Ligand SMILES: Nc1ncnc2c1ncn2[C@@H]1O[C@H](COP(=O)(O)OP(=O)(O)OP(=O)(O)O)[C@@H](O)[C@H]1O
Ligand SMILES: [Mg+2]
């Protein structure tokens, strides 16, 4: 758990970060969004003390991060940046082994961990271990960057616009991978982005920043249904708030039970993981009224109707 | 089957070694230049020994330049050392612009004749390219790479040794190469203050009006410079094959 208390950074007259307090639960993803210059990166970099705060403090699992040398703290916290920052003169395996080597792990353990991470990120260790960063595609470089940050099994991962340089399709894939990784390793993630869709997709909680201040920090659906002020409403896109709300619920969560006599044999079958937004779009496109929600094996679990979906597009 | 460049290299090396070890074999070649029965091949000393001490002087001076210039380059690119940049640059540029002949003339009264004044002159003359290239190399390390290095918990020292210097290495080596090559030529001046070197051959030729000697000293020095240039370039390519920054 990360507790941020009154964290402040002042550069001369500018308040880059102005008395921000927030709590990030263990095993959750907190996403920080905001316009350019709103202080997102500064806030993030104060968590691992790449930037020393002017005031306030950060507690990591109850311990003040100021109580140990910065470089030691940073070896326990993963860090991923836009444009990956891989070492161009080192192979993929050497890049990934950086922090374990700083921590003097045994070579065998480093090798095993490197292979495990490459596999988790769908890069064949036999093919990629010995390659140099310039021999990889942008998406592969980004994955190696994530693997490198996770190498020493950090409990916390900080990410500053990690997918900013990727094209939309690869970016979506990278987001899915991140969610998988997060579930697999139980990492607590703090991610900065200025892509509000990404924030809603990934965040258990989303922090909205403006001019150094934290405007609101809550679950995505709360940001949509009860924005703290007009600026948050504008940033979360009031024109699309109904659709955004639908995108936050999955078909599995919203499915109505199959009543006796219904076969569940609608023409349209959707997986439990589809969002209501996707299901509605499909129904409208096919001119249909209802869809069957099926599990991975195709067995029907419930149904969804247009009316039932629309009922969920309004704040409860 | 070796590549043509390799063959050319070997040929140049073979030619130089042959000339230095058995110069008399080349007598017919130089005879037309030695007027009036003068000896066609330098006969006042052993060419091989002269070449070796020439090379030793240049390498020793260069080693000194590398240590000082790289250390200065590192110092002025650290957060606390930036204020020393203008001063360091002035000192190092002065070393390059002050003519080596003048350095020799000033150094002889202080340290006497022989190798020492030459070493001082070459050392000063060789600082600038190494220093400037070190500074540029360290300054142009990509900011994201340095940020990642700090973010992963490298100390300032670890960052310098395992990231900044390796990334700056191609440029530093280029500076060293430049400095070496310039000094192979410049070292011939050392013979005016009695340092052992190939300059002796040239001076002897000038004194006795023997063009053959002048040409021999010049060619041997030139070949040596070319070969050294090539060797460092090969080392550069080898070390830096992968340190490509996209
Ligand atoms: N080293 C610095 N010196 C002075 N001002 C700074 C410094 N770093 C950041 N700032 C200022 O602090 C404010 C917040 O910067 P920060 O980089 O945290 O913004 P950001 O939200 O990450 O923006 P972006 O989305 O463009 O990355 C900006 O006004 C910026 O100009
Ligand atoms: Mg930023």
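Numbers below:
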item: Candidate set from the stretch A:36-49 (those that are farther than 18 Å from residue A:208 by Cβ and away from ligand 1 (no atom under 11 Å from the Cβ)); member that is nearest to the other protein chains (Cβ to nearest Cβ); result: A:48
item: Looking only at the stretch A:50-77, and only at residues there that are without any contact (Cβ under 8 Å) to a residue 40 or more places away in the chain and in contact with a helix residue (DSSP H, G or I) (Cβ under 7 Å, 6 or more places away or on another chain), the one that is farthest from the other protein chains (Cβ to nearest Cβ); result: A:65
item: Subset of the stretch A:78-93 (residues that are closer than 26 Å to residue A:171 by Cβ and either part of a loop (DSSP other than H, G, I, E, B) or at the interface with another protein chain (Cβ under 8 Å from one of its Cβ atoms) (or both)); result: A:79, A:81, A:82, A:83, A:84, A:85, A:86, A:87, A:88, A:90, A:91
item: One residue from A:154, A:220 being within 14 Å of chain B (Cβ to nearest Cβ), in contact (Cβ under 8 Å) with a residue 12 or more places away in the chain and either closer than 30 Å to residue A:140 by Cα or within 16 Å of ligand 2 (Cβ to nearest atom) (or both); result: A:154
item: Some residue of the stretch A:157-169 being more than 17 Å from the chain's Cα centre (by Cα), crowded, with 23+ Cβ neighbours inside 10 Å, within 12 Å of another protein chain (Cβ to nearest Cβ) and away from ligand 1 (no atom under 16 Å from the Cβ); result: no
item: Members of the stretch B:14-34 found to be part of a helix (DSSP H, G or I) and surrounded by fewer than 16 Cβ atoms within 10 Å (Cβ to Cβ), listed by number; result: B:14, B:15, B:17, B:18, B:21, B:24, B:25, B:27, B:28, B:29, B:31, B:32
item: Helices (runs of 4 or more DSSP H) wholly inside the stretch B:148-234 containing at least 2 residues that are in contact (Cβ under 8 Å) with a residue 24 or more places away in the chain and under 22 Å from the mean Cα position of the chain (by Cα); result: B:165-186, B:199-207
item: Positions within the stretch A:5-30 being surrounded by 19 or more Cβ atoms within 10 Å (Cβ to Cβ) and within 19 Å of the chain's Cα centre (by Cα), in sequence order; result: A:24, A:29, A:30
item: Residue match in the stretch A:128-138 (condition: touching a residue at least 24 places away in the same chain (Cβ under 8 Å), more than 12 Å from the chain's Cα centre (by Cα), in the same structural domain as residue A:79 (by TED's automatic domain parsing) and farther than 14 Å from residue A:92 by Cβ); result: yes
item: Subset of the stretch A:31-53 [surrounded by 15 or more Cβ atoms within 10 Å (Cβ to Cβ) and away from ligand 2 (no atom under 16 Å from the Cβ)]; result: A:49, A:53
item: Scan of the stretch A:3-35 for residues that are within 12 Å of ligand 1 (Cβ to nearest atom), at positive phi and not in a loop (DSSP other than H, G, I, E, B), ordered by number; result: A:34
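The values are calculated or read from the model by the stated rules, or taken from the named source; none is laboratory data. Just so it is clear, the model here is predicted, and its values are computed rather than measured. Reconstructed Cβ throughout: ideal geometry from the backbone, glycine too, with neighbour counts over all protein chains shown.
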